[in-house]
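The values are calculated or read from the model by the stated rules, or taken from the named source; none is laboratory data. Predicted, not measured: the structure shown is a model, and the values here were computed from it. Because the Cβ atoms are built from the backbone with ideal geometry, glycine has one as well, and the counts that use them run over all protein chains shown.
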Number of protein chains: 2
Amino acid sequence: MPNRVGQRTLQLHNRPAVAGYAAVVGQKEGEGPLADQFDRINEDSLLGEASFERAESALQKMAVGIALEKAGCTAGDVQYIFAGDLLNQCIGSSFGLRDYNIPFIGLYGACSTMALSLAMAAIFVDSGAATLTAAVTSSHFCAAERQFRFPLEYGGQRPPTAQWTVTGAGAAIVAAQGGGPFVQAVTVGKMVDLGVKDANNMGAAMAPAAAQTIEDFLQDTGTAPADYDLILTGDLGEVGSGLLMELLEKDGIDISGVHNDCGLLIFDRENQDVHAGGSGCGCAGSVLCSYIFNQLREGKLQNILFCATGALMSTTSSQQGESIPGVAHLLQITAR
Amino acid sequence: MPNRVGQRTLQLHNRPAVAGYAAVVGQKEGEGPLADQFDRINEDSLLGEASFERAESALQKMAVGIALEKAGCTAGDVQYIFAGDLLNQCIGSSFGLRDYNIPFIGLYGACSTMALSLAMAAIFVDSGAATLTAAVTSSHFCAAERQFRFPLEYGGQRPPTAQWTVTGAGAAIVAAQGGGPFVQAVTVGKMVDLGVKDANNMGAAMAPAAAQTIEDFLQDTGTAPADYDLILTGDLGEVGSGLLMELLEKDGIDISGVHNDCGLLIFDRENQDVHAGGSGCGCAGSVLCSYIFNQLREGKLQNILFCATGALMSTTSSQQGESIPGVAHLLQITAR
């Protein structure tokens, strides 16, 4: 049963296990530094589908299918699937998962969705509400560009602070029993809005939320950054990661020795022209559900914090002059 | 702690209580049959805001504020808020709730969101993950029309199967202790897609999901429609309600004596020109969190099933020729 620690953190005493996981990506991600970590690299950005949106759904379907196989179970065994994505009305999830016939809990956490869905899946298992759950999210560069910015054909210019939406999906199967990695604790974030309005600088909009959630977790648990092998943010990229470090330093917390960011890990920024790094739900999703879980399984990482951030805006809110509220959800995940 | 009953139903043995609730609506809803049930009727469709989207956020903020007051608690007491809406990237919720500073779990369930959010809020309390949670959702006619159909100025014609998006929000505060109503059980729905493609006939798209979830619940619990005072669907409207009845009759289940629908309750279809009835997240939200909870508090209802449905499509998926997956989530709610 989950047990509240401090103001905002839940400790999961039954230690829900990640029984299976998978990450599938597009061509560009498959040319990056994590190429050999992914379960499938899709050279065709349409995945044989008629539209980029359908291709994104296909990514979710594929990631869940492989994760189920690796966990040794079938869709019929899964009691709840938690899923969301960036497309309007989350159609990446609904159309991607419709054929699985699993009770469906749709989430909206923007780029924090891998953390939010995995947190919910783990809390359900820990509390006894379920014995087997799944968490999945996705993004697709071409679908996101035309929805949030411009159609690719327009050839819009990107400022240096802009990030590159990852084409990819990550899925995890969470079970009451299994070999791990294990979800030990969860901190659900509050929205933080410091007034950033630049939709081409999401890292800056989301960094304050990450700082808040990480601080809250450390305070709740009475631990320090040095207690963890890695504090991994979702997709703050270069600009947001720098800001996160600055914000935490102001409160006397130095994470520089253990911090990394999925948006910095997934691409080679020198050679892949992605400006400030990767972004999108599929960024944290595909990095966590490949490289990071692999490292935990292999014992190269023992005890990490995974804190994915989301920018809770839309094109409409930005056009109406609103600032960008950020949110960050955190999970402590261990190898044993 | 939640306990699984049958294939898909969770019984909540600690009986989470709805400690406070509120419904706020627009002018048209305030001219309907439930006028005296609502906490606030806003004559100004903009609520003094600069846009319809901001007005929708204001509805959520207002509903949560009143519900907190009625529950005798403050935002600082609430450990998690579960919220979602129909606007792209759920900005009704993010901008509406950002100032409350409550850990935020964004959901996407389309018009099923009142059921989904209340279910999650209740499961969290029942499992011990929280002692005080909140659930809220909203919709706004003018924001929905321009996002999903046409700007109002266009003067688009509506077919008889079309429904009228409710301008309103419903909020509920769920507590481990309190006077009730009480959430007794939850069935989370699977997506059901029978191939309906007409975005002007949402009732038909969603009815199969409602039928599936109601059947599953009755089977899991070994109960019959006559065991309940009311089986209330979210917003199937006239067309969808008829289809639901037909679908259940085929399997030998007759709910005609106890069925009603929020979309039929909220408007006077004879005199308010709403065609097949009300719809939108705010429809089920504002009817449940006013009239229905009032009836339960007053003992006029004792034992009900609330089953809200959602159509998990977007304008993009419809323009790409996709059919409309439906989903329905169900709660058993009792007076004592």
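Restricting to the range B:306-334, name every residue that is of a type in the set (G, A, S) and under 19 Å from the mean Cα position of the chain (by Cα). Walk me through it before giving the result.
Going through the range B:306-334, the residues of a type in the set (G, A, S) turn out to be B:308, B:310-311, B:314, B:317-318, B:321, B:323, B:326, B:328.
The answer is B:A308, B:G310, B:A311, B:S314, B:G326, B:A328.
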Could you check A:E145 against (1) more than 10 Å from chain B (Cβ to nearest Cβ); (2) closer than 15 Å to A:A169 by Cβ; (3) assigned to a helix (DSSP H, G or I) and say which number it fails? (2)
Limited to the range B:157-174, what total is found for residues that are surrounded by fewer than 23 Cβ atoms within 10 Å (Cβ to Cβ) and under 20 Å from B:L12 (Cβ atoms)? 0
Please identify the pairs in which a residue from the range B:247-260 that is within 21 Å of B:V192 (Cβ to Cβ) and without any contact (Cβ under 8 Å) to a residue 60 or more places away in the chain has its Cβ atom under 7 Å from the Cβ atom of a residue that is assigned to a strand (DSSP E or B) and among the aliphatic types (A, V, I, L, M), counting only partners at least 6 apart or on another chain. B:I255/B:I231; B:H259/B:I231
Residue match in the range B:57-79 (condition: under 21 Å from B:Q163 (Cα atoms) and among the hydroxyl-bearing types (S, T, Y)): no
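Based on what the data block shows, is A:A134 assigned to a helix (DSSP H, G or I) and in contact (Cβ under 8 Å) with a residue 24 or more places away in the chain?
Details: assigned to a helix (DSSP H, G or I): no; in contact (Cβ under 8 Å) with a residue 24 or more places away in the chain: yes.
Judged against the criteria, A:A134 is not a match.
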Would a scan of the range B:32-50 turn up a residue that is in contact with a Gly (Cβ under 6 Å, 6 or more places away or on another chain), crowded, with 24+ Cβ neighbours inside 10 Å and at pLDDT 95 or above? no
Candidate set from the range B:134-171 (those that are at pLDDT below 90 and among the basic types (K, R)); member that is farthest from the chain's Cα centre (by Cα): B:R158
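Can you report the number of residues in the range A:266-314 which are at positive phi and out of contact with any helix residue (DSSP H, G or I) (no Cβ under 7 Å at 6 or more places or on another chain)? Spell out how you get there, then give the answer.
Step one: filter the range A:266-314 for residues at positive phi, giving A:273, A:275, A:277, A:280, A:299.
Next, from what is left, pick out any that are out of contact with any helix residue (DSSP H, G or I) (no Cβ under 7 Å at 6 or more places or on another chain): A:273, A:275, A:299.
Within the range A:266-314, residues that are at positive phi and out of contact with any helix residue (DSSP H, G or I) (no Cβ under 7 Å at 6 or more places or on another chain) number 3.
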A:T309: in a strand (DSSP E or B) and within 14 Å of chain B (Cβ to nearest Cβ), yes or no? yes
Residue identified as within 22 Å of B:K190 (Cβ to Cβ) and assigned to a helix (DSSP H, G or I) among B:E249, B:E238, B:E322: B:E249
Looking only at the range B:238-248, decide whether some residue is touching a helix residue (DSSP H, G or I) at 6+ places or on another chain (Cβ under 9 Å), away from every other protein chain (no Cβ under 14 Å), more than 16 Å from B:A205 (Cβ to Cβ) and among the small types (G, A, S). no
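So, of the residues in the range A:117-128 that are facing another protein chain (nearest Cβ under 7 Å) and on the phi < 0 side of the Ramachandran plot, which turns out to be nearest to the chain's Cα centre (by Cα)?
A:I123
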So for the range B:296-306 (the condition being surrounded by fewer than 21 Cβ atoms within 10 Å (Cβ to Cβ) and outside any loop (DSSP other than H, G, I, E, B)), does at least one residue qualify? yes
Can you tell me which residues in the range A:148-185 are among the aromatic types (F, W, Y), part of a strand (DSSP E or B) and either free of Cβ contacts under 8 Å to residues at least 24 places away in the same chain or under 20 Å from A:D268 (Cα atoms) (or both)? A:W164
Is it fair to say B:I266 is of a type in the set (A, V, I, L, M, F, W, C), in contact with a Leu (Cβ under 7 Å, 6 or more places away or on another chain) and more than 24 Å from B:Q212 (Cβ to Cβ)? yes
What are the residues in the range B:217-238 that are touching a residue at least 40 places away in the same chain (Cβ under 8 Å) and touching a Pro at 6+ places or on another chain (Cβ under 9 Å), if any? B:I231
Of everything in the range A:186-205 that's within 13 Å of another protein chain (Cβ to nearest Cβ) and crowded, with 24+ Cβ neighbours inside 10 Å, which residue is nearest to A:L236 (Cα to Cα)? A:M202
Check on B:S317, free of Cβ contacts under 8 Å to residues at least 40 places away in the same chain, farther than 18 Å from B:D36 by Cβ and either in contact with a helix residue (DSSP H, G or I) (Cβ under 8 Å, 6 or more places away or on another chain) or within 14 Å of chain A (Cβ to nearest Cβ) (or both): yes
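Which ranges mark the strands (runs of 3 or more DSSP E) fully within the range A:1-108 that have 1 or more residues being among the charged types (D, E, K, R) and away from every other protein chain (no Cβ under 11 Å)? So that I can check it myself, show each step before the final result.
Details: elements: A:2-5, A:9-12, A:17-26, A:40-42, A:80-85, A:104-106.
Of the strands (runs of 3 or more DSSP E) lying wholly inside the range A:1-108, those with at least 1 residues that are among the charged types (D, E, K, R) and away from every other protein chain (no Cβ under 11 Å) span A:40-42.
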When A:A211 is run through (1) in a helix (DSSP H, G or I); (2) surrounded by fewer than 21 Cβ atoms within 10 Å (Cβ to Cβ); (3) among the aliphatic types (A, V, I, L, M), the failure sits at (2)
(1) closer than 30 Å to A:T74 by Cα; (2) away from chain B (no Cβ under 14 Å); (3) crowded, with 24+ Cβ neighbours inside 10 Å all hold for A:D235 apart from (1)
The range A:129-142, subset over 21 Å from A:S318 (Cβ atoms), surrounded by 24 or more Cβ atoms within 10 Å (Cβ to Cβ) and not hydrophobic (A, V, I, L, M, F, W, C), residue farthest from the other protein chains (Cβ to nearest Cβ): A:S138
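Given A:E53, A:E69, which one is of a type outside the set (A, V, I, L, M, F, W, C), surrounded by 23 or more Cβ atoms within 10 Å (Cβ to Cβ) and either touching a residue at least 40 places away in the same chain (Cβ under 8 Å) or more than 26 Å from A:K28 (Cβ to Cβ) (or both)? Quick ask: steps written out before the conclusion?
Numbers: A:E69 fails: surrounded by 23 or more Cβ atoms within 10 Å (Cβ to Cβ).
Testing whether each residue is of a type outside the set (A, V, I, L, M, F, W, C), surrounded by 23 or more Cβ atoms within 10 Å (Cβ to Cβ) and either touching a residue at least 40 places away in the same chain (Cβ under 8 Å) or more than 26 Å from A:K28 (Cβ to Cβ) (or both) leaves just A:E53.
Do you know which of the residues in the range A:320-336 that are touching a residue at least 60 places away in the same chain (Cβ under 8 Å) and at the interface with chain B (Cβ under 9 Å from one of its Cβ atoms) is surrounded by the fewest Cβ atoms within 10 Å (Cβ to Cβ)?
Our first condition is that a residue be touching a residue at least 60 places away in the same chain (Cβ under 8 Å); within the range A:320-336, this holds for A:321-336.
Imposing the further condition that a residue be at the interface with chain B (Cβ under 9 Å from one of its Cβ atoms) reduces the set to A:321-322, A:325, A:327, A:329.
Numbers: A:G321: 9, A:E322: 21, A:P325: 28, A:V327: 32, A:H329: 30.
Looking at the filtered set, the residue picked out is A:G321.
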